[in-house]
Structures are given as C-alpha cells and as structure tokens.
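The values are calculated or read from the model by the stated rules, or taken from the named source; none is laboratory data. Everything numeric in this text was worked out from a predicted model, so none of it was measured. So basically every Cβ, Gly included, is an ideal-geometry build from the backbone, and we count neighbours across all protein chains shown.
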Amino acid sequence: MSDKSATTATTTTTTPASTSASAATAPNYRLPSDVTLQHASKLAIVEDKPIMLDYWTASVDKKALVGVRESGEKLLVKSAEEYTSPIAKFYKSVTEYIIITENSIYIVSSDIPTRKIS
C-alpha cells in the first residue's frame, strides 16, 4: 500500500502548477520562424555556440539595436551597460537575423534598428 501512495505522490508532483498562470500573464510575442530556428540550430552545432534569445523580445519591441562604433565594429545593444561582444557574422532568415558573436548565436527581429554608438 505504501508503494501505491508513493507512486501517486510522485505523479502529482511532476506536473508544474504555475505554468499556465505565468503564461497567461506574459505578453504574446511572435516567435522566430521554424526555418530560422533550424538554421540557428545547425550553426550552433557547427560553431559549438549556444543560441541566445535574450535580445529577442527587446528587438521585437524595438528596444534593442545594432550599434556601430566609429571603427566599424558592430554590437547588439540593449543599453549602455548591456551589450554583446562584437558581431562576427550576420545571416538574414525570413523575418529574423541570426547574429554570431565571439561566444554566442543570437536571434533577433530583422526590424531591429542600426545606429552609430560611441
């Protein structure tokens, strides 16, 4: 009998209770296209770099930008304190850019603005 109650307890605790509540309060952002995610996955495997989406929502909201320094070096920028290492490569895929930096692969909206920075 104790085996049955242990199994039942395990089954009920593995279902996350807060998933639907947190999803209901989050804004509805469009997701990167399947094609873009597939291309980014292939690049991540070949380049041995993680795919980062921490600039995705900021790029959709136009709160992030591609900053260009006077030297021509390009960075993904959220604020004066929050930016990436220099961009090595840009790929356009559907309505997104796949951006490769020294350490990571970022997926951002292709609507992201470009601006000179210092």
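If the condition is being farther than 18 Å from V35 by Cβ and of a type in the set (K, R), then region 52-98 contributes K62, K63, R69, K74, K78.
Output yes when any residue across region 21-31 is modelled with pLDDT of 95 or more, aliphatic (A, V, I, L, M) and surrounded by 14 or more Cβ atoms within 10 Å (Cβ to Cβ), and no when none is. No, region 21-31 contains no residue that is modelled with pLDDT of 95 or more, aliphatic (A, V, I, L, M) and surrounded by 14 or more Cβ atoms within 10 Å (Cβ to Cβ).
Can you pull out the strands (runs of 3 or more DSSP E) entirely within region 76-118 that have at least 1 residues that are touching a residue at least 60 places away in the same chain (Cβ under 8 Å) and crowded, with 18+ Cβ neighbours inside 10 Å? Filter on region 76-118 gives 96-101, 105-109.
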